[in-house]
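To keep things clear, I will list the structure first and then write my remarks on it.
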Amino acid sequence: MADVRVNGKRVPPLQSIDTLAILMKRLENIALNNNSALTSISINNSSIDIDNPEFLRLKLESDDKVDARLDTAEQLSFESLQVALDMAGLLVFDLKVVTLKLWDPGKNYEKSLETLLSDCNLFLTLAARPIYLLNKDPEQLEPEAERCLRELDKIANHIEDATLLAVHEHGKEACHVLVGMVKPAIERWIGLSAKFAQILEINTVTNTFNISENFLPDNHFQNNK
């Protein structure tokens, strides 16, 4: 029987399953019962593309080790915000690199600016993702949460302004925007992020699940493969 673990916890009722298709159905049932979603599966430390139906044909051997992860919208939101906070520090570093190169007309700034734009895009996506994952209306949030989102808009707009100045060979003006507008907006966002998480109730998230025998019968899965 395969060794099946969900979020690191061994699940004996799932050990008797010998196909990935049936296991996926069982895991999705657990996720449904816990208001969560199946986000990843690995077999013997090799990641499985859970959206690829070809993998459902896989047979599970007795010595296989299966690790599955279930996440709630709150957990995914918490993790997204944490990564965004890490990205914010990286953005500040990117700003310094671009500013140094823009200030000196003799240096090539294009690659550094491209890196800044790429990192900024990822940062903005991660920072705003909790709103979409939790299905929140940005206009119905508490004022402090709204201010946190507005800082993201400011960062995006100022980055765009700096980029336009740079490509039109106004390097020093672009530096003033990056240092005088983008950097303070990032710092303000960092300062507001804790309250943002508290308002969305994702500041103290635990990822525990009730894994029980409340599954549909095996013949249901076999009849629906």
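Each reported figure results from applying straightforward, stated rules to the coordinates on display, with no laboratory input. The model shown is predicted, which means the values in this text are computed figures rather than measured ones. All Cβ positions, even for glycine, are placed from backbone atoms using ideal geometry, and neighbour counts span all protein chains on display.
Where a ≥ b ≥ c are the square roots of the eigenvalues of the C-alpha gyration tensor, would you call region 1-84 rounded, which needs a/c under 1.5, or, failing that, prolate if a/b is larger than b/c, or oblate?
prolate
Nearest-5 percent of antiparallel DSSP beta bridges in region 3-72?
75 percent
Pick from Glu187, Glu74, Glu169: which residue has the top mean-square fluctuation in a GNM of the chain where Cα pairs under 10 Å get a spring?
Per the Cα network of the chain with a 10 Å cutoff, Glu169 tops the list.
Give a residue-ordered list of calculated ³J(HN,Hα) values for region 176-192 (Karplus: 6.51 cos²θ - 1.76 cosθ + 1.60, θ = phi - 60°; whole Hz; x for Gly, Pro).
Values, residue by residue: 4, 5, 5, 7, x, 10, 5, 4, x, 5, 4, 5, 5, 4, 4, x, 8 Hz.
Comparing Gly171, Gly180, Gly106, which has the greatest mean-square fluctuation in the GNM of the chain with Cα pairs linked when under 10 Å apart?
In the Gaussian network model the winner is Gly106.
Would you mind checking Lys96/Lys154; Lys96/Lys136; Lys96/Lys172 for any pair whose Cα atoms are more than 24 angstrom apart?
In this structure, Lys96/Lys136 exceed 24 Å between Cα atoms.
I need the P(r) histogram for region 92-150: all alpha carbon pairs, bin width 5 Å from 0 out to the longest distance, whole percents.
4, 16, 20, 15, 11, 11, 10, 8, 4, 1
Which percentage, to the nearest 5, of the DSSP beta bridges contained in the chain is antiparallel?
75 percent
What is the set of long-range amide H partners of Thr19 at a cut-off below 5 Å, with H atoms built 1.01 Å from backbone N?
Those lying under 5 Å, H to H, from Thr19 are Leu60.
Relative contact order (percent) for region 77-199, with alpha-carbon contacts under 8 angstrom and 6 or more residues of separation?
Dividing the mean separation by the residue count of region 77-199 yields 33 percent.
With n ≥ 4 as the cut-off for DSSP H runs, can you work out [θ] at 222 nm for the chain, using -39500 (n - 2.57) per run divided by the number of residues, rounded to the nearest 500?
About -18500 deg cm²/dmol.
Mind checking which lysines have their Cα closer than 18 Å to the Cα of Lys59? Skip sequence neighbours fewer than 8 apart in that chain.
Correct list for Lys59: Lys25, Lys225.
For Lys111, what is the net charge nearby, where nearby means another residue's Cβ is under 14 Å from its Cβ and Lys, Arg count +1, Asp, Glu -1?
-2
Over the chain, what relative contact order in percent results from Cα pairs under 8 Å that are six or more residues apart?
Once divided by the residue count of the chain, the mean separation gives 23 percent.
Taking 8 Å as the Cα distance limit and 6 or more residues as the minimum spacing, I'd like the relative contact order of region 7-65 as a percentage.
Rounded, it is 38 percent for region 7-65.
In sequence order, what are the phi-derived ³J(HN,Hα) couplings for region 73-82 according to the Karplus relation 6.51 cos²θ - 1.76 cosθ + 1.60 with θ = phi - 60°, rounded to whole Hz, with x for glycine and proline?
In residue order, the calculated couplings are 4, 5, 5, 4, 5, 4, 5, 4, 5, 5 Hz.
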